[in-house]
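One structure is given below, encoded as structure tokens.
The values are calculated or read from the model by the stated rules, or taken from the named source; none is laboratory data. Fair warning: this is a prediction, and the values are worked out from it, not measured in the lab. Note that we place each Cβ from the backbone using ideal geometry, even for glycine, and neighbour counts take in every protein chain shown.
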Amino acid sequence: MVRVNTLAKYGYSVMTGLCILWLGGCSKPSTLAETCQASPEICHDLDLDATCREKREPLLALRLSIKQNPALAQQDETQFQRLQLVESYNRCLQRAAGIQHVNHPQLTSNSQRAYALTSLTLAQIQQQTKGSHNPHLAYYHWVHFGDSQALATLLQAQRNGQIKEAYILAGLATSQLKTEPDFARRLYLEALRDATPSDFVADWLLALAQVTPDREIKYLLQKTNIDLTQRKADQRMMSAELGASAEIQQQLDQQSLVLAKALSEGSYASSHWPDFLAGDKQAWLSIIKAEG
């Protein structure tokens, strides 16, 4: 459910400490062994083999940054990064631990040891962040553990206008589809408006179509999803549900490609599409005009 690349969004600042701490000012690179010998407390649960190196490096970089600036450890976003990085590394180790290396059995045992230790680390961070009012942490606990308190925190934060992340808005919308369809519709519209092309998930359009009463907009959303995903659909059934003239259906088919392009290229929020999908039929003329 978590579509947004949050590590990319919040992780780049972490890497700035790596050049100073890990690479000795970038003039004389340190080996992993040297780094861990100098700072064993940040390596105690790591597998120092090549296993899962691409997942280990950003985690180690974060730990080095926290060592340089301990105040970072108290920040909610740092805790969220820790959760994601440890969990990502732990999942990689879980897969690696199941591989039996006949010629080098120590590789298997090292992976198994690191998997067990990082599982403990992950559980500790999860316990420490339980009950947080930070939207990212609350979302994590709601999605992973079905934490009703975390969901209540998210809904309150949304009412206060504190949530701008499209993936959280869409997640909340999904949870409200059956119980609060109008609220779910508003949340999906907010998610579409706030999403970048990398955040956007095409299936949001199908979910939004479920709670959209207008038949033409519903058809447009379904058709746009088809354009984006190339999934197979029963066109005759869709046409029957639309119940419009061939001319109107043709216009909707053409504009579904325009909407797909706007969502894919990031121009949706600055266009007239948000107004139209929210029910402003006058915006349709502006959309047609903008296309020339």
Determine whether the stretch 160-180 contains at least one residue that is assigned by TED's automatic domain parsing to the domain that holds Gly279, more than 21 Å from Tyr268 (Cβ to Cβ) and part of a helix (DSSP H, G or I).
yes
Within the stretch 217-240, how many residues are among the acidic types (Asp, Glu) and at pLDDT 95 or above?
1
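Yes/no matrix, rows are residues, columns are (1) over 16 Å from the mean Cα position of the chain (by Cα); (2) under 20 Å from Trp284 (Cα atoms); (3) touching a residue at least 24 places away in the same chain (Cβ under 8 Å):
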{"position": "Leu169", "(1), (2), (3)": "no, no, yes"}
{"position": "Lys178", "(1), (2), (3)": "yes, no, no"}
{"position": "Tyr188", "(1), (2), (3)": "no, yes, no"}
{"position": "Ala191", "(1), (2), (3)": "no, no, yes"}
{"position": "Leu206", "(1), (2), (3)": "yes, no, no"}
{"position": "Ile217", "(1), (2), (3)": "yes, yes, yes"}
Of residues in the stretch 223-237 being under 23 Å from the mean Cα position of the chain (by Cα) and part of a helix (DSSP H, G or I), the one surrounded by the fewest Cβ atoms within 10 Å (Cβ to Cβ):
Thr229
What number of residues within the stretch 115-143 satisfy the criterion of being farther than 14 Å from Glu87 by Cβ and among the small types (Gly, Ala, Ser)?
4
Filter the stretch 238-270 down to the residues that are within 24 Å of the chain's Cα centre (by Cα) and among the polar types (S, T, N, Q) and list them by number.
Ser264, Ser267, Ser270
Among the residues in the stretch 100-108, are any free of Cβ contacts under 8 Å to residues at least 12 places away in the same chain, within 21 Å of the chain's Cα centre (by Cα) and either closer than 21 Å to Thr31 by Cβ or in a helix (DSSP H, G or I) (or both)?
no
